[in-house]
Each structure stands twice: as structure tokens, then as C-alpha cells.
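None of the figures in this text is laboratory data; all of them are computed from the coordinates on show. Since this is a predicted model, take the numbers as computed values, not measurements. Heads up, the Cβs are rebuilt from the backbone with ideal geometry, glycines too, and the neighbour counts pull from every protein chain shown.
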Amino acid sequence: MTQRQRCGSRRVFLTLGGLTLLSGCAGERRPAPGPTPGTHPPSSPPASPPPSSPPSRRIPVQKEPRYVVPASSARKGSKVVALTLDDGPDPTYTPQVLAILRKYHVTATFFVIGKSAAAHPDLIRSLVDAGHAVGTHTWSHANLSNLPAPKVRHEIRRAVETVTATTGRMPDLFRAPYGSWSRTVFQECAAMGQTSIAWDVDPRDWDTPGSQHISSRVLDQVGNRSIVLNHDGGGDRSQTVQALRHFVPVLIDSGYKFVGV
Ligand SMILES: [Zn+2]
């Protein structure tokens, strides 16, 4: 089976007015977007910029998000998988996830919500200190497909600035809430140097189907170069934590190496 066939069979999506809505996060409820942003001239970000300083590192505009790990990250003779966690940081669940990852000596990519990152800078720093990658997931978990470009820009920029100010490094990975991508999102991401990252394995843990279901869905769907979606915030994630305890060691025993997205 080709990579494209494999991905196509796994993704659950609807096409609405040119937008691709993937199933992740679909059951979440989040507060309304923040206030209307101001506009700022672009400049190169210092190590710890003030909140109003916009990140600027333009990259080519993507036509679609990345669904699988790049072939360049594949390793000869072994399978690779990228574990991703959205909607944190959460003071209850993020430390539990970190403990599991630490136990098995694997790293993951956390797509954090700006508001939560601002409320829990210690958790953001603990992610970085443990060697995990931190991307952003908007400021307020807004559905970007409903917003004009300036608000899309604000949602992305404010989260990027918060993580930059907290860690001293500008994140460069972005995931749209609800998998709600649009050309505007890709354009704004490109202007801020943000690569858009989706997934090809969604166990729908946000729908709390039970830890066994979450784990079996991951193990049934995963393949070489998969990007697996899970959540460490946004609700009761005890089932996700329990599922991770099961499927992470199974993946390791199956020969998978954990890599970045
Ligand atoms: Zn989300």
C-alpha cells in the first residue's frame, strides 16, 4: 500500500467550502477567541521578545498540512513514529504524560494552547527541559476557519510569542484546532515561519471512548512515518494517559523509533 493510500484510508475528513476539517478535537469546547489584535511591523525576534514583538521567519506557503513524518526522518532498517499531544499544558495530565515518556525514554511534540502556556510557564519549560518539541495550537483554541486573516494572525502570533518568551526559542510547528485548515491559515503560518502539522492516526481520545479503544485504535492504524494525535489537555485525559502507558511500550517492542514531526 502506498503512503498516500495509507493516509487516505485513515483520515476522516469533510470538505466544506474549501476547508478540510479533520476529526481531531471535534468534540472539544473552547472559549471564544480573544480580543481583536493590533498590527505590528515584522522584525526578527530576540531570544525573549516582549509580547508585542511578532515572530518573522517567512517560509513557503503550504498547500496542505504535513500528515506524516518526512521521509528524511525515516531511518534505515527501523520504523519511525511521531507522537503528538494537543491542548495542553494541563497541570493534571501533562506531568503524567511526561512521566510516561520519561520512563520509556521517548520524546513527543506538544501543540500547546497559548492561554494555557501563559498560565503554566513552568510546564512549558519542563517540556523543553525533557527534550520534547513544543509547537503551538493557537492562543484560545479558536476555529480559524471562521476568522478573518487579522484574527487568524493574532491567534497564531500570540501563542508563538508566549512560547518564545517562556522558552527563549521561537516554536516553528503549528497545528490548527479541529484540523480546520485554510489558505489563510497556511499564508499566515508561512509569514511567521510556522510549518503546519496534521496527523494520520487519530484515536479520537477526546471523545473518551475508553483507554483500551484509544490504544487499539493507535496500534491498528499506525504505520511507518505515522503522526499520532493525542491530547494532554482540554478535558479529562485520564483515558489518554492510561492508553499511553499501554501503546508506547508496545510500539517500542514493535520496533518503532520515536521521532519529531
Ligand atoms: Zn485541539
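With a simple spin-label model that places each label point 7 Å from the Cα along the Cα-to-Cβ direction, the separation between D220 and A74 comes to 2.6 nm. What percent of all Cα-Cα pairs in region 56-151 falls in each 10 Å bin, counting up from 0? Histogramming region 56-151 at 10 Å steps yields 13, 38, 34, 15, 1 percent. Coupling constants for region 186-193 follow from the phi torsions by the Karplus curve (6.51 cos²θ - 1.76 cosθ + 1.60, θ = phi - 60°), and in residue order they are 5, 5, 5, 4, 4, 5, 9, x Hz; glycine and proline get x. Summarising the label geometry, the points placed 7 Å from Cα in the beta-carbon direction at Q212 and A130 lie 2.7 nm from one another. With Cα atoms as the point set, region 141-261 shows a radius of gyration and Dmax of 16.2, 47 Å. Remark on L85: its backbone amide H falls under 5 Å from those of T109, F110, F111, N230, a criterion applied only to residues 5 or more positions apart or on other chains, H modelled at 1.01 Å from N. Using only side-chain charges placed at the Cβ, +1 for Lys and Arg and -1 for Asp and Glu, the dipole size of region 132-261 relative to its Cα centre rounds to 320 debye.
Residues whose amide H falls under 5 Å from that of R237, counting only those 5 or more places apart or on a different chain, are absent, with hydrogens built in the peptide plane. Near L173, the amide H atoms lying under 5 Å from its own belong to T136, T195; only residues 5 or more places off or on other chains count, and H is placed 1.01 Å from N.
Projecting the Cα atoms of L98, T84, A74 onto the charge dipole of region 50-134, computed from C-beta unit charges around the Cα centre, puts A74 farthest toward the positive end.
Magnitude of the charge dipole for region 71-128, about its Cα centre and with charges confined to Cβ atoms of Lys, Arg (+1) and Asp, Glu (-1), is about 400 debye. Maximal additional length on extending the E64-D122 stretch stands at 17.6 nm, based on 0.36 nm per residue less the C-alpha distance. Sequentially through region 71-77, phi angles give Karplus couplings (6.51, -1.76, 1.60; θ = phi - 60°) of 4, 5, 8, 5, 10, 4, x Hz, Gly and Pro residues having no value and appearing as x. Extending 7 Å from Cα along the Cβ direction at R183 and again at H105 yields two label points whose distance is 4.9 nm. For a straight C-alpha distance cut-off of 26 angstrom, the lysines reachable from K76 (same-chain residues fewer than eight places away being disregarded) are K103, K257.
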